[in-house]
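First comes the structure, then the notes that go with it.
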Amino acid sequence: MSRLNGNLLRNFMRRRSFCTAENVDGDLQSSKVQIFDRHLKRKQRDRAAWLINRKDSLVNTVADNLLDRLEDVKKTFPTTLCLGGSMEAIRRSVRGRGGIEKLIMMDSSHDMVKLCKDAEKDLSSDNIETSFLVGDEEFLPIKPSSVDLVISCLGLHWTNDLPGAMIQSRLALKPDGLFLAAIFGGETLKELRIACTIAHMEREGGVSPRISPLAQVRDAGNLLTRAGFTLPGVDVDEYQVRYNSALELIEHLRAMGETNALVNRVKFLKRDTALATAAVYESMFAAEDGTIPATFQVIYMTGWREHESQQRAKRRGSATVSFKDIQKEFGG
């Protein structure tokens, strides 16, 4: 049966956490570059814990697709760290995949951690020793080389220092440990971006940031390499969700904890600008049945911590057969 174990955390937690920028003890605002307000994002996730829909098809599909990658690997991952984002969906979807025996679930939101802890009683059929931790991805409180697998589902795109957060994840992994992550890509909510831009231009004579910047697909491989992962892999899926109105889309984003958390955001949205945004959205993108689409681009990333057993590219110039010889032999 599923077990809660507080002693498990003491084996994996660092006495003093670190980040890749200057350390600010006890402060979630740990990165030098401040794009997102991490305190606000924590509050948004606290709210999302009360609004969460366990039958959210988008979140559940992304979690399932991310964990499906474990079925392509023969290796098992006894000790696993799950970081923020849709960790509640990940916990429900594990179902024995990856040979996970010990699972540490971490989120910056106290309420989200409590939600997952309370839901643990419904997962009594599996045999995973589960512990819970309030912590920040930018300030990872995990000992180096202590876990076999790090999973992050729809959470890392809100970090101010994404490469730094990925580096810390790599350092937390044991040699030959696996990093699995899913983040929203740059094409996410493209319809809403267009509608917001047009409405702001018409009503306010300029554009203010309403939707956060997101990583592009071409950047994902570079992020993995920069973070020091070996055998990097990146693939992309696009999901289109239909809503009855723009208001329903916003409510879904709130329930996911995905609303605006930019530091330089305009804190108040004028009523006429909001109504204009909804009107533009419907006039440009509404289907014949009256529903409106929203695109969610998800970038899946996999990377390994270096180990001597892994395949390596040969040194440049070490080839013993030329392509010309191969072409002659096979008559190409």
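The values are calculated or read from the model by the stated rules, or taken from the named source; none is laboratory data. Predicted model only: the values in this text are computed from it and were never measured. Every residue, glycine among them, receives a Cβ derived from its backbone with ideal geometry; neighbour counts consider all protein chains shown. These area figures cover heavy atoms from the full protein model, side chains too; ligands, DNA and RNA do not enter into them. Shrake-Rupley method; radii C 1.70, N 1.55, O 1.52, S 1.80 Å.
Quick notes on this structure:
- Exactly one residue out of Val94, Val62 is closer than 18 Å to Phe184 by Cβ, open to solvent by less than 10 Å² (accessible area, probe 1.4 Å), out of contact with any Ser or Thr (no Cβ under 6 Å at 6 or more places or on another chain) and hydrophobic (A, V, I, L, M, F, W, C), and it is Val62.
- Every residue from segment 292-325 that is out of contact with any Phe, Trp or Tyr (no Cβ under 9 Å at 6 or more places or on another chain), within 18 Å of Leu231 (Cβ to Cβ) and at pLDDT 80 or above: Tyr300, His307, Glu308, Ser309
- Any hit, segment 44-52, residues being assigned to a helix (DSSP H, G or I), surrounded by fewer than 16 Cβ atoms within 10 Å (Cβ to Cβ) and at pLDDT 90 or above: yes
- Within segment 166-194, tally of residues that are among the small types (Gly, Ala, Ser), closer than 26 Å to Tyr239 by Cα and open to solvent by less than 10 Å² (accessible area, probe 1.4 Å): 3
- Flag for Ser146 being among the hydroxyl-bearing types (Ser, Thr, Tyr), open to solvent by less than 60 Å² (accessible area, probe 1.4 Å) and free of Cβ contacts under 8 Å to residues at least 60 places away in the same chain: no
- Positions within segment 178-210 being among the aliphatic types (A, V, I, L, M) and either out of contact with any helix residue (DSSP H, G or I) (no Cβ under 9 Å at 6 or more places or on another chain) or in contact (Cβ under 8 Å) with a residue 24 or more places away in the chain (or both), in sequence order: Leu178, Leu180, Ala181, Ala182, Ile183, Leu189, Leu192, Ile194, Ala195, Ile198, Ala199, Met201
- Test: Pro213 is open to solvent by 10 Å² or more (accessible area, probe 1.4 Å), in contact with a strand residue (DSSP E or B) (Cβ under 9 Å, 6 or more places away or on another chain), in contact (Cβ under 8 Å) with a residue 60 or more places away in the chain and not in a strand (DSSP E or B): yes
- Of the residues making up segment 162-197, those that are more than 30 Å from Lys75 (Cα to Cα) and of a type outside the set (A, V, I, L, M) are Gly186, Glu187, Thr188, Lys190, Glu191, Arg193, Cys196, Thr197.
- Selection within segment 252-284 - among the hydrophobic types (A, V, I, L, M, F, W, C), open to solvent by less than 80 Å² (accessible area, probe 1.4 Å) and under 22 Å from Pro213 (Cα atoms): Leu253, Ala255, Met256, Ala261, Leu262, Val263, Val266, Ala274, Ala278, Val280
- Once segment 199-210 is narrowed to residues that are surrounded by fewer than 18 Cβ atoms within 10 Å (Cβ to Cβ) and among the hydrophobic types (A, V, I, L, M, F, W, C), the residue that is farthest from Leu171 (Cα to Cα) is Met201.
- Residue match in segment 87-96 (condition: under 21 Å from Ile167 (Cβ atoms) and either modelled with pLDDT under 95 or out of contact with any strand residue (DSSP E or B) (no Cβ under 8 Å at 6 or more places or on another chain) (or both)): yes
- Members of segment 216-251 that are under 30 Å from Leu275 (Cβ atoms) and surrounded by 18 or more Cβ atoms within 10 Å (Cβ to Cβ): Ala246, Leu249
- Ile100 being β-branched (Val, Ile, Thr) and under 27 Å from Thr295 (Cβ atoms): no
- Scanning segment 104-132 for residues that are within 23 Å of Gly257 (Cα to Cα), of a type in the set (A, V, I, L, M) and surrounded by fewer than 18 Cβ atoms within 10 Å (Cβ to Cβ) returns a single hit, Ala119.
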